[in-house]
Ligand code: 6MZ
């Protein structure tokens, strides 16, 4: 079973070893990767078999929100490389993953594997990673413990290698949003590497007006702001303009912007986090040639190439960059110079660590 599939794998397959080496050597940042969507397959497999074995030897009913049967089915689907008919199918993959990362021990292991995937080795996927995750309260940890578990793993790396973005889910109620933000600001003040706030989750859910005071507060604490925006055709123009009025630093996807929105984005130079495979597999963009990346490249506007969720999308940052370099119809056929510039733009769009950042706590094994 290959861990890379789809168009990105095909693009990678067309490149020469010299071209691959070039892509590996491009200095770049990964700025849009969701922790629970980025767990490497072998780690997911380990966590799943341990979970199911423990369940089999226990007579108790499951504490999880879903049955063991649904966990098994969900994990099998992820192993096979899920086929998505539309974006909502994507969000149905997460209950099974969440069941496996609901203890601090399992979450820590998953985080360590994600960090290692992006940052370890002689030719790592990227020079800097901004990993994002939604704080979850489970039977075994509260939201603060969730974030501390993730941050603890991050502190094995230098502060200029990795930062955490706290994701707020569009489905959250105001009380939970307030709690997440309070913890994020507190941890940043303590020198933990909380660098930004994200708005994510089912693109058709939630009331965007509710988030207003929280985004203002996040900025007051020096946190960067990135918002998933106009990810589907169902997102209204009104909602998109409301989100832009919060003056985000970066935007996730930004697939369906109207002219008015585009002019705000261009004027304010908001960096667009581009997730090519994600958009193609969720069917929000039909072909690479019709992807909105082209209009931003033409305008010389800041963009950052990102993976979104390597687990379901079977991709890697290298494979996403292969989609830029490969010749049409396999890729966009960009020049090496253009790709170096794109890598540079991603590094420029990083969020700031706290001024009192804890530098590096433990040595990575
Ligand atoms: C919107 C997405 C997403 O936070 O539990 N997530 N939200 N659009 C996307 N593009 C397809 N990909 C992932 O990681 C998983 C969560 O990230 C959000 C979803 O809310 C998902 O539940 P964490 O680490």
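Every read-out reported here was derived from the displayed coordinates using simple, explicitly stated rules and does not represent laboratory data. Quick caveat: nothing in here was measured; it's all calculated off a predicted structure. Here the Cβ positions follow ideal geometry from the backbone for every residue, glycine too, while neighbour counts run over all protein chains shown.
Observations
- Packing rank of 148-159, 268-279, 43-54, where each peptide gets the mean count of other beta carbons within 10 Å, highest leading: 268-279, 148-159, 43-54
- Cα extents of the stretch 25-137 along the three principal axes, largest first (Å): 52, 33, 26
- Cα centroid of the stretch 86-108 to Cα centroid of the stretch 232-303, whole Å: 26 Å
- Stokes-Einstein diffusion for the chain at 37 °C, viscosity 0.692 mPa s, with a Kirkwood radius from C-alpha pairs, works out to 158 µm²/s.
- The chain, relative contact order [Cα under 8 Å, separation at least 6], %: 26 percent
- The stretch 217-365 shape via C-alpha gyration tensor axes, a/c threshold 1.5: oblate
- Euclidean distance between Cα centres, the stretch 1-42 to the stretch 154-188, Å: 26 Å
- Put simply, the stretch 275-351 fits an ellipsoid with semi-axes of 18, 15, 12 Å; these come from the alpha carbon gyration tensor as the roots of five times its eigenvalues, largest first.
- Structure-based [θ]222 nm, the chain - -39500 (n - 2.57) summed over DSSP H runs of at least 4, per residue, nearest 500: -13500 deg cm²/dmol
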